Amino acid sequence: MNIVRFDPFREMSALHERVNRAFGDVSRRYDDDLTARGSWVPSVDIYQTDNHALVLKVELPDVVREDIDLRVENDTLTISGQKHRGTTVREDQYHRIERTFGSFSRTFTLPPTVDAGKIGAEYKNGVLSVTLPVREDARPRQIQVTVN
């Protein structure tokens, strides 16, 4: 009789992989203050510039400009759209499909310091950059201290 070494981590990894295949990869969903819904969730980087504006950079590869919808309503920014699968390759010609297609939506609650009337967006090389400028009265300012 052969001795078989039991590796519980390998078994758990295999189980995790089977569950992901059955229910979809839920590890890519986000559970913080933003909500995600749709067939796939594009990655987003958020950073602040030197003049205190917030910038969201959204990866949208192979999405055409006409399929992107950007809305601001009630202090909420919603980026949604559709990513289509190319029609140049027939379904039976694929060996493997790992890229996701379909609708997407990302929703962000805007901080009260953002001037919603001056939000700008630029789409270049598959990356949507949304600039959220800070209201003038919300910008930090230097206060001079005088000595008597």
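See the values below:
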item: Of all residues in the stretch 95-148 being more than 19 Å from VAL55 (Cα to Cα), in contact with a strand residue (DSSP E or B) (Cβ under 9 Å, 6 or more places away or on another chain) and among the hydroxyl-bearing types (Ser, Thr, Tyr), the one that is surrounded by the most Cβ atoms within 10 Å (Cβ to Cβ); result: THR100
item: Segments classed as strands (runs of 3 or more DSSP E), wholly inside the stretch 14-99, with at least 2 members that are modelled with pLDDT of 85 or more; result: 44-48, 54-59, 68-73, 76-83
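The values are calculated or read from the model by the stated rules, or taken from the named source; none is laboratory data. Not measured: the values here are computed from a predicted model. A quick note on method: Cβ atoms are made from the backbone with ideal geometry, for glycine too, and the neighbour counts reach across all protein chains shown.
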